[in-house]
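The next block holds one structure in the form of structure tokens; read it before the comments.
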Amino acid sequence: MNRNEEFEGVVKAHWADVLRLGVLMLADETEAEEVAQQTFFKAYTAWDSFEGRSSVRTWLFRIAINVCRRNLTIRKRFRGERLDRHIELAHPETDPHEELMTEKVRQALKLLAPPHRLILTLFCIKGMKHQDIARIFNVPEGTVWSRLHKAKQQLKEKFQAIKD
């Protein structure tokens, strides 16, 4: 398998996850699409230097988060109200018998600050390990534990405040 075929498989395997991450961070589908394109362009140009110290997915998420941060810096403000319209892209429907509980969880997630929503998404929804999240954010693993704990507390408070 040549380099292009190998990388094409990486794009197919991870495009949707990188796109959802962009939607979560930027709250705009068009910008998220651009972030995904920029992420995979940067990854392709650096593909030969990828050392495999983390998974490809972790490496791509790290690149995507950096691209998103740059875009947010350029934008100079976060338009969180737009995220509410796109949260369903990041959190697809579950089984119908869980719909009521799922909707309450979605409402609670919408009320969280974007950094809390992001870390919960990576850990709980994407199933990433603490070590991988630490690599993505370039922080010690203990910091991930702390941030995750705080995000879970906030989610619990928001969840309990929502009336059935």
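The values are calculated or read from the model by the stated rules, or taken from the named source; none is laboratory data. The structure displayed is predicted, hence computed values, not measured ones. Note: areas computed on protein heavy atoms with side chains; ligands, DNA, RNA excluded. Shrake-Rupley method; radii C 1.70, N 1.55, O 1.52, S 1.80 Å.
Just a few scattered comments:
- Ranked from largest to smallest solvent-accessible area, with a 1.4 Å probe on the protein heavy atoms, Lys152, Lys110, Lys163, Lys104 come out as Lys163, Lys152, Lys110, Lys104.
- Exceeding the 27 Å Cα-Cα cut-off - candidates Lys110/Lys150; Lys42/Lys156; Lys126/Lys152; Lys129/Lys150: Lys42/Lys156
- Take the stretch 124-164 with all the other protein chains still there, run a 1.4 Å probe, and you get 68 Å² of accessible area per residue.
- Heavy-atom SASA rank of Arg20, Arg62, Arg147 (probe 1.4 Å, accessible area, largest first): Arg147, Arg20, Arg62
- Per residue solvent-accessible surface (Å²) - the stretch 1-66, probe of 1.4 Å: 51 Å²
- Of Ser54, Ser146, the residue with the largest accessible area leads and the full order is Ser146, Ser54 (1.4 Å probe).
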